[in-house]
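Take a look at the structure set out below.
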Ligand SMILES: [Zn+2]
């Protein structure tokens, strides 16, 4: 800063120039401040999945925290998820808006004939990026648009996809508690503005594990569901403590539901076909069968009519409504058990009392969906949606351009807080993002000009007496005594 401005030793021109230099940062600060206000209010979204939380669990036992979200926000009664109704395929559909045949995670266990590799959620094979790169998850899209995301163990979020991890993420570790995952996420949302995440995803393994173990009809599930509601209560409290509850749009959903299995309802393939004829790729209830070279028809014919509770499809016969044909990872033959039935090679394997993966139009396969926050309506019940519609909805809330997807914002826009219709008396809506910097600059320039005008006027006034005095000196006749000075 020119020191003469403080000391008062500058020429007037230099003072003006120095003042301008001083005011310039104010102009840019004001612009940043306007954008900063926008950034401060940048939409935030937290997507939570409780694995295997069936839509009707919330009415089975008291679930005050789910109900508080419903009362303050929205609930969708019937969410049609994607086929097959398994964990990895559906979690990837939620963050891509794509059917499984399009995003490429077609099952929890897969075989890719081009890569000649197998994928299993039980092994490190899931960290091979190639499985995931037929689609782009929302966190990558957000980051490419300049935003930040944080992921707490969402399936696929610790895999490098299209060269990127989430801005913040946890490596998958089932032994990390729900509370620890929440605390990390809260920290990411609460970070200083430059580092704070805009979009978070949180995954928890229950009530899926208990649902498999006990079966959804078992009384043990009551306590499990009540425990999930308590975990949701913990999340809500932590958001409140961090001052985030009214800022973050919170969506609580799941990948799929769960249905009861019965030990009598088992179809044993070994009774009908020799194992040497095929490779068993994915497990019940939708079994991927890879016949040996040249054995497609033989395998198909041996299985097609063995049990009315098992549908047998050649790939091209898979019903169109499943959107489950057009991917090389979908096997040439799939076997689909009817609800409550299990397909095994024989009964020696482990047997679960609950399972999912069945037809996605079955109510038992469908997940819960509740949401609240500044973007959502309050106390609004929507009859139905598709889970692929969630992706364009999230993009809209986050002001991110969606990639091509199978969902539709218009199907779910009624979940959002309606914008006031424009009326002649209403002031025009100002788009904060596009106009705020312009308005800020305009105000700054007006301020600077005003200040300059004031300053010039003051400067002029200050110099006027000396001019007058000089003129007076010049106009006044020289006095005698002056001649002696
Ligand atoms: Zn499961």
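Laboratory data are not the source of any read-out in this text; all were calculated from the coordinates shown. Note that the coordinates shown come from a computational prediction; the quantities given were computed from them, not determined experimentally. With ideal geometry, Cβ positions are generated from the backbone for all residues, glycine too; neighbour counts draw on all protein chains shown.
Tabulated data
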item: Using alpha carbons only: equivalent-ellipsoid semi-axes of the range 83-189, gyration tensor based, whole Å; result: 23, 16, 12
item: Ratio Rg/Rh, restricted to the range 56-97 and using Cα atoms, in which Rh is the Kirkwood radius; result: 1.07
item: Kirkwood Rh in Å, taken over all unlike Cα pairs in the range 314-387; result: 16.0 Å
item: The range 61-134 - Debye-derived log10 I(q)/I(0), Cα point model, q = 0.11, 0.14, 0.20, 0.23 Å⁻¹; result: -0.40, -0.57, -0.84, -1.00
item: Residue 305 paired with residue 399, simple spin-label distance in nm, labels 7 Å along Cα-to-beta-carbon; result: 6.4 nm
item: Solution diffusion estimate, µm²/s, Stokes-Einstein, the range 266-355, Kirkwood Rh from C-alpha pairs, 25 °C, viscosity 0.890 mPa s; result: 184 µm²/s
item: Globularity ratio of the range 292-426, using Cα Rg and 2.2 N^0.38 Å; result: 1.53
item: Residue exposure sequence - 341, 280 - by fewest surrounding Cβ within 10 Å; result: 280, 341
item: Inter-label distance, nm, simple model (7 Å from Cα along the C-beta direction), residue 381/residue 320; result: 3.4 nm
item: Segment residue 222-residue 209, length gained on full extension (0.36 nm per residue, minus Cα span); result: 3.3 nm
item: 385, 164 arranged by Cβ crowding within 10 Å, fewest neighbours leading; result: 164, 385
item: Residue order, fewest to most surrounding Cβ atoms within 10 angstrom, among 157, 118, 167; result: 118, 167, 157
item: Inter-part distance where the range 194-217 and the range 91-123 are each reduced to a Cα centre, Å; result: 19 Å
